[in-house]
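Data block below; observations after.
Please treat every number below as a calculation from the coordinates, not as lab data. Bear in mind that the values here come from a model prediction, so they are computed numbers and not experimental data. Positions of Cβ are backbone-derived with ideal geometry, glycine not excepted, and every protein chain shown enters the neighbour counts.
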Amino acid sequence: MKRNVLITGASRGLGEAIAREFWKTGAHVLLTARGLGALEALRNELGERVSLFAADLSASGAPEQIAAWAFETVPYVDVLVNNAAITGPIGKFWLNDEAAWEETMRVNLLSPAALMRAVIPRMTRGGAIINLSGGGATAPRANFSAYAAAKTALVLLSENIAVEAAGMDVRVNCIAPGVMNTELLRDVVRADAGDVGEEFAKVERMIADGKTMDPSIPARLCVYLASDAARGITGRLISAQWDPWTRLHEFAGELQPSDVYTLRRIVPKDRDKDWETT
Ligand SMILES: NC(=O)c1ccc[n+]([C@@H]2O[C@H](COP(=O)([O-])OP(=O)(O)OC[C@H]3O[C@@H](n4cnc5c(N)ncnc54)[C@H](OP(=O)(O)O)[C@@H]3O)[C@@H](O)[C@H]2O)c1
């Protein structure tokens, strides 16, 4: 069965790599971003099985337009990859521009949510959703509060929907792709070093040393999570860099009833502390 894969933010960076990896599997890729020129260049290179739609996810109504176009183009969407995101305002939360903060929540959280809302009820032959998480979802990312808050919310939203959609054979996972040398990362070193804080020098060094993640690796994780092998895996946040994801299906029986690869509250006993009897 030829699968139809809808990918946001496919014009460059990780989204482009995800498009290439799914395309290699024989899938029809439905690609969206604001920049039609870059999408057209990718279609010209790949040739067949590529459809394009330009949309701005900061505009309300855009996710619904993307979904309407997708279902005009193909009868089923088998895979949705919510990849598009922006860095948003950098600097202390209380100094951030409020409109920019809200725009970040829209692009990084509300629009992916709206796309899931539009697509899931029509995943009538089952499906897989992969949402891009990342820095700030599992620990503070000071000076990137909008980005971090949106990405954390996306992880818990995904886990909720994974439970709600389990009976529909629709699985929902997030991935943490690792630090990649893309425009999004370069936003950090283009910003004011004082606003960025500690992360500035770290990112500068990673870029200079070439110690960043090759986007084709997290792209292959997306393909894996959408594959039949990964059918038993849902509601998880998987790291492309740190988790043994190529073999994750071998552990699915243990993984699913557990809270492994999820966001949970840490209590004193998790840190070998006993605050109840002392
Ligand atoms: N790079 C990293 O180190 C890193 C680390 C962890 C997680 N991630 C996550 O990985 C994903 C991909 O990031 P990336 O590094 O590949 O970033 P990127 O190179 O900046 O690409 C972002 C993509 O999103 C699209 N986009 C941005 N704003 C949009 C909007 N308003 N409406 C529609 N599309 C929009 C861009 O296309 P247009 O500009 O043409 O619209 C582009 O295709 C993101 O979810 C990011 O949070 C990245």
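What residue among 79, 113, 262 has its Cα farthest toward the positive end of the dipole of the range 4-262, where the charges are +1 on Lys, Arg and -1 on Asp, Glu, each on the Cβ?
79
With a cut-off of 8 Å between alpha carbons and a minimum separation of six or more residues, what is the relative contact order of the range 4-262 in percent?
Normalised by residue count, the contact order of the range 4-262 is 18 percent.
Go ahead and set up a Gaussian network model of the chain, Cα springs under 10 Å, then flag whichever of 119, 188, 267 fluctuates most.
Result for the chain, Cα springs under 10 Å: 267 fluctuates most.
Out of residues 5 or more away from residue 171 or on other chains, whose amide H comes under 5 Å of its own, with H placed 1.01 Å from N in the peptide plane?
Answer set, sorted by chain and number: 127, 128, 129.
Please report, in whole Å³, the volume per residue of the convex hull around the C-alpha atoms of the chain.
Expressed per residue, the convex hull around the Cα atoms of the chain is 154 Å³.
How do the peptides 159-165, 140-146 rank, highest first, by the average count of neighbouring beta carbon atoms within 10 Å per residue?
Going from most to least packed, we get 140-146, 159-165.
Relative to the Cα centre, what is the charge dipole magnitude of the chain, using +1 at the beta carbon of each Lys and Arg, -1 at the beta carbon of each Asp and Glu, and rounding to the nearest 20 debye?
Charge dipole of the chain: 520 debye, to the nearest 20.
Which FRET efficiency, nearest 0.05, do residue 93 and residue 193 yield, Cβ-Cβ r, R0 30 Å?
Calculated transfer efficiency: 0.95.
Taking the chain as a Gaussian network, where each spring joins two C-alpha atoms under 10 Å apart, which residue of 230, 70, 99 fluctuates the most?
Highest fluctuation of the listed residues: 99.
Would you mind telling me which residue in 263, 156, 14 has the biggest mean-square fluctuation in a Gaussian network model of the chain, where springs connect alpha carbons within a distance under 10 angstrom?
Residue with maximal mean-square fluctuation among 263, 156, 14: 263.
Defining a contact as two alpha carbons under 8 Å apart and six or more residues distant in sequence, what relative contact order in percent does the range 33-101 show?
Dividing the mean separation by the residue count of the range 33-101 yields 21 percent.
Within the range 222-272, which chymotrypsin sites (Phe, Trp or Tyr not before Pro) sit in a loop by DSSP and count at most 11 neighbouring Cβ atoms inside 10 Å?
Taking the range 222-272 and a limit of 11 other Cβ atoms within 10 Å, the loop chymotrypsin sites (Phe, Trp or Tyr not before Pro) found are 242.
Taking the Cα centre of each part, how many Å lie between the range 9-42 and the range 169-230?
Computed from Cα coordinates, the inter-centre distance equals 17 Å.
If you count, for each residue, the other Cβ atoms within 10 Å and average over each peptide, how do 106-113, 74-81, 193-200, 268-275 line up from highest to lowest?
The densest-packed peptide leads the list: 106-113, 74-81, 193-200, 268-275.
Would you please report the Å³ per residue occupied by the convex hull of the alpha carbon atoms in the range 1-136?
Residue-normalised Cα hull volume stands at 107 Å³.
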